[in-house]
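Below is one structure; the comments refer to it alone.
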Amino acid sequence: FVVGMNFTNKAGGFIHRKAVAENFLAFAVFASKHDDVMLYIHSEPFGRQSGFVLPNILQARGVPAEKVKFVDPIAYQYGISQEDLAAIYSAWDVGLFCNYGEGFGIPQVEAQACGVPIVTSNFAASAELASSDSFLVNGQPFWDAGQHTWFNVPLVQGIVDGLEQAYQRGKKEFPDTVAFAKQYDADKVFAEGWKPLIEKLSKQ
């Protein structure tokens, strides 16, 4: 049972908006109950873009190395084709995208376009970008002084519960998840949203 994550490993000091520590901790709890689970991480692992050293967090929680797989670093650095990325998503059983706050989570939609439900935060755009097959995780407010606004820290137990529900539901196809993601197809958004708006503005 593959849990997949896709995020940019960038942090603002001690704050990582993608909630990697909370997600990793939740996976550790979840994985301790099951021998047949794997975490796939599609991200740069060593914080070279001002991010966290991800293996350190996994090791601190005692996640066995054999239960974690990182993206190939060379392929990641030089670019992965859309076709290969879609194949990667399609190998997942659930996507893990809990975060402190999200504007528009493109990987969330990409995963669902490949038929993969997600576990994500019940906050900001993340909640809007989750199909009915997905799982929303509540959190608690966290003041981000740098941006003068509130973040929302996902509750670890809530993430664990979402992963467990996805696991118990088992492997199957999710056509409603694919249909949900299609509403964000770039051509559809341009034709039905941007084009009418541009035409309206051009007449003013």
Review point. By the scheme Lys and Arg +1, Asp and Glu -1, what is the net charge of all other residues having a beta-carbon under 13 Å from that of V37?
Key: -1
Point to revise | Segment E192-Q157, extension gain: residue separation times 0.36 nm, minus the distance between their alpha carbons | key: 8.6 nm
**Study point:** Entries of K33/K182; K33/K172; K18/K188; K69/K195; K18/K172 with Cα pairs more than 31 Å apart
**Key:** K33/K182; K69/K195
Check your understanding: At a Förster radius of 25 Å, what calculated FRET efficiency corresponds to the Cβ-Cβ distance of K200 and W143, to the nearest 0.05?
Key -> 0.05
Exercise for review: Counting only heavy atoms of the protein chains, get the accessible area per residue of the range 73-166 (1.4 Å probe) and round it to a whole Å² value.
Suggested key: 47 Å²
Review point. Which is the longest part of the chain that has none of the trypsin sites (Lys or Arg not before Pro) sitting in a DSSP loop with at most 11 other Cβ atoms within 10 Å?
Key: 49-170
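Can you sort L25, L129 by 1.4 Å-probe accessible area, starting with the largest?
In descending accessible area the options line up as L25, L129.
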Check your understanding: Can you tell which of V189, V119, V29 shows the greatest fluctuation in a Gaussian network model of the chain with Cα springs below 10 Å?
Key -> V189
Point to revise | In the range 27-105, the GluC sites (Glu not before Pro) that fall in loop regions by DSSP, at most 11 other Cβ within 10 Å | key: none
Point to revise | V94 long-range amide H proximity, modeled H, under 5 Å | key: V2, G4
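Which is the longest run of the chain containing none of the chymotrypsin sites (Phe, Trp or Tyr not before Pro) found in DSSP loop states (not H, G, I, E, B) with at most 12 other C-beta atoms within 10 Å?
105-204
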Study note, to complete from the structure: Long-range alpha-carbon pairs in the range 82-188, meaning those over 23 Å apart, account in percent for 28 percent
Check your understanding: So what is the 222 nm mean residue ellipticity for the chain from helices alone, if each DSSP H run of at least 4 adds -39500 (n - 2.57) and you divide by all residues, rounding to the nearest 500 deg cm²/dmol?
Key -> -10500 deg cm²/dmol
Review point. Can you list the HN-Hα couplings for the range 35-46, worked out from phi with the Karplus curve (6.51, -1.76, 1.60; θ = phi - 60°), rounded to whole Hz and with x for Gly and Pro?
Key: 8, 10, 10, 9, 10, 9, 10, 9, 6, 6, x, 10
Check your understanding: Residues of the range 98-130 with amide nitrogen under 13 Å from the 7 Å Cα-to-Cβ point of A11?
Key -> none
Revision key, fill the gap. With the chain reduced to its Cα atoms and the Debye formula applied, log10 I(q)/I(0) at q = 0.08, 0.16 1/Å amounts to -0.28, -1.08
Check your understanding: Points 7 angstrom from Cα along the Cβ direction at S90 and D185: gap in nanometres?
Key -> 1.7 nm
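Mind checking the full-extension length gain between E83 and S132? Use 0.36 nm per residue of separation minus the Cα-Cα distance, one decimal, nm. If you can, show how the numbers build up before the last one.
Values: separation 49, 0.36 × 49 = 17.64 nm, distance 2.57 nm.
Contour length minus Cα-Cα distance gives 15.1 nm.
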**Study point:** Neighbour-limited loop hits for GluC sites (Glu not before Pro), the range 132-194 (at most 12 other Cβ within 10 Å; DSSP other than H, G, I, E, B)
**Key:** E173
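The values are calculated or read from the model by the stated rules, or taken from the named source; none is laboratory data. Small disclaimer: the values here were computed from a predicted structure and weren't measured. Neighbour counts run over all protein chains shown; Cβ positions are idealised from the backbone, glycine included. In case anyone asks, the SASA skips ligands and DNA or RNA and just uses the protein heavy atoms, side chains included. Shrake-Rupley method; radii C 1.70, N 1.55, O 1.52, S 1.80 Å.
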